[in-house]
Amino acid sequence: MVDSRTAVVTGAASGIGRATALRLARDGVDVLAVDRDAQRLEELVGVRTLTADLSSTEGRDAVVLAAGAPTMLVNAAGLIRLKAILDFTVQDIRDIYAVNVEAVWDLCSRLGRQMPSGGAIVNVSSVSAKAPVTPETGVYASSKAAVVSITKSFAYAFASRNVRVNAVCPGIMDTPMQELVIERLAELRGVTPESISQGRESTVPLGRGAHPDECAGLIAFLLSAEAGYMTGQAINQTGGMVMW
């Protein structure tokens, strides 16, 4: 069993990353909260903070140096851009994949190999990895599908060391990223943000979006000993929008 719990949480300045960093801190975990938004990081209470750009090798090096051998890693940092699908450029792909794929792989690899037995990793994917029904987020969706594959690969690789790797696939979450998606989709489609929001929620059997704290609770469970027989899973949290 792991006695001293330490966690690295990326994307901790807002949304799911922020909620997760605060939840783990409340649970008594020593949290290193990482984000490139230094101002919002400073608002966090009860955690250590590190400003780093995960799209760069230097930023990821700084995380590895500051983290040491953590018992938990949550890769929640993400980058999204919305365009008509035929307007995406190779540079868009490179920019999005640098954060959503390259950083996840690199941190899983370098921090995962340093974790003690009983350690756990949770990667934040997306419902769009399984149901990419919004073509304006096509590159983002493909990157989140890659996160699921990365999760499975490292789950297999680290199993013999009793280090578990799982993913969560959130649906509609009340986060700043979700607000960006709604506003940008409305602009691209020439409709109101309200109609986009209502249309998206109409696809959810439970009829609502989720609060980031709900996702943080699921992540905390997957990091805990109670989930000790779970690895390589991509858990939906979609209100029933996706059931596979």
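The values are calculated or read from the model by the stated rules, or taken from the named source; none is laboratory data. Note that this is a predicted model, so its numbers are computed, not measured. In this analysis, Cβ positions are derived from the backbone assuming ideal geometry, glycine residues included, and neighbour counts consider all displayed protein chains. When the accessible area is computed, the model is the full protein with side chains, heavy atoms only, and any ligands, DNA or RNA have been set aside. Shrake-Rupley method; radii C 1.70, N 1.55, O 1.52, S 1.80 Å.
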> Got a number for residues in segment 138-168 being surrounded by 17 or more Cβ atoms within 10 Å (Cβ to Cβ), touching a Gly at 6+ places or on another chain (Cβ under 9 Å) and polar (S, T, N, Q)?
Replying inline: 3
> Which one of these does G207 not meet: (1) surrounded by 21 or more Cβ atoms within 10 Å (Cβ to Cβ); (2) farther than 21 Å from I80 by Cβ; (3) not β-branched (V, I, T)?
Replying inline: (1)
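Can you work out which of the residues in segment 36-50 that are outside any loop (DSSP other than H, G, I, E, B) and within 24 Å of G119 (Cα to Cα) is most open to solvent (accessible area, probe 1.4 Å)?
R48
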>> For segment 210-244, which positions are open to solvent by 60 Å² or more (accessible area, probe 1.4 Å) and within 22 Å of L22 (Cβ to Cβ)?
In response: H211, D213, E214, F221, A225, E226
> Which of the residues that make up segment 176-203 are among the aliphatic types (A, V, I, L, M), free of Cβ contacts under 8 Å to residues at least 40 places away in the same chain and buried (at least 17 other Cβ atoms within 10 Å of the Cβ)?
Replying inline: I182, I196
> Here is a list of conditions, (1) touching a residue at least 12 places away in the same chain (Cβ under 8 Å); (2) aliphatic (A, V, I, L, M); (3) more than 16 Å from A129 (Cα to Cα), and I172 meets all of them except one; can you say which number that is?
Replying inline: (3)
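Can you tell me which residues in segment 73-88 are open to solvent by less than 40 Å² (accessible area, probe 1.4 Å) and part of a loop (DSSP other than H, G, I, E, B)? Before you say what the answer is, go through the steps one by one.
The first filter runs over segment 73-88 and keeps only residues open to solvent by less than 40 Å² (accessible area, probe 1.4 Å), leaving 73-80, 82, 88.
Those that are open to solvent by less than 40 Å² (accessible area, probe 1.4 Å) and part of a loop (DSSP other than H, G, I, E, B): A76, A77, G78, L79, I80, L82, F88.
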> Got a sec? Which of R94, R161, R110 is of a type in the set (K, R), more than 22 Å from V29 (Cα to Cα) and at pLDDT 95 or above?
Replying inline: R94
>> Here is a list: A66, A62, A12. Which entry is in contact (Cβ under 8 Å) with a residue 12 or more places away in the chain, under 28 Å from R161 (Cα atoms) and either assigned to a loop (DSSP other than H, G, I, E, B) or within 16 Å of the chain's Cα centre (by Cα) (or both)?
In response: A12
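Among what's in segment 15-35 and is without any contact (Cβ under 8 Å) to a residue 24 or more places away in the chain and not aliphatic (A, V, I, L, M), pick the residue that is farthest from P116 (Cα to Cα). Give the derivation first.
Just the residues of segment 15-35 that are without any contact (Cβ under 8 Å) to a residue 24 or more places away in the chain, to begin with: 25-26, 28.
Now narrow it down to the ones that are not aliphatic (A, V, I, L, M): 26, 28.
On the way: R26: 22, G28: 18 Å.
Top of the filtered list is R26.
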